[in-house]
């Protein structure tokens, strides 16, 4: 026997997943790397799960106690001389992962981000559309 509560829970989960998919209009590129984050006097490493022109998904260390409402600095080192530096907001904390949104990114870092996504994207037309949407 299925209860109304169970049906509502199932429907709500399905609706939330649909809304997240519709809201997420930027192609996410799976990319396994380590990023450094800094917020206030705290500094730590996170595992990068995926990245897009709008932000990234990371796995932070367990039991990290910081104020996730404050903007943080981040650095992704792609090689000895190529890196992406930005200010990010933690916009979502779910299933042990954080969704980060770019707040500020310098021109060189943006160029490296675009190139990283371009090299790992199977759909050049989609990348071109996403870049044009950014302005």
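The combined condition, being part of a helix (DSSP H, G or I), modelled with pLDDT of 95 or more, more than 13 Å from the chain's Cα centre (by Cα) and over 13 Å from residue 46 (Cα atoms), is fulfilled by residue 109. For the range 60-70, filtered to residues that are more than 10 Å from residue 35 (Cα to Cα) and surrounded by 14 or more Cβ atoms within 10 Å (Cβ to Cβ), the residue that is nearest to the chain's Cα centre (by Cα) is 68.
Residue-level check: of (1) part of a strand (DSSP E or B); (2) farther than 26 Å from residue 125 by Cα; (3) in contact with a strand residue (DSSP E or B) (Cβ under 6 Å, 6 or more places away or on another chain), residue 43 misses just (3). No other residue among 36, 48 is buried (at least 18 other Cβ atoms within 10 Å of the Cβ), within 16 Å of residue 90 (Cα to Cα), touching a strand residue (DSSP E or B) at 6+ places or on another chain (Cβ under 8 Å) and at pLDDT 95 or above apart from 48. Considering only the range 90-97, I want to know if a residue exists there that is in contact with a helix residue (DSSP H, G or I) (Cβ under 8 Å, 6 or more places away or on another chain) and either closer than 21 Å to residue 32 by Cβ or not in a loop (DSSP other than H, G, I, E, B) (or both). No: the range 90-97 contains no residue that is in contact with a helix residue (DSSP H, G or I) (Cβ under 8 Å, 6 or more places away or on another chain) and either closer than 21 Å to residue 32 by Cβ or not in a loop (DSSP other than H, G, I, E, B) (or both).
The values are calculated or read from the model by the stated rules, or taken from the named source; none is laboratory data. Predicted model, so just to flag it, every value in this text is computed and none were measured. Virtual Cβ from ideal backbone geometry, glycine too; neighbours counted across all protein chains shown.
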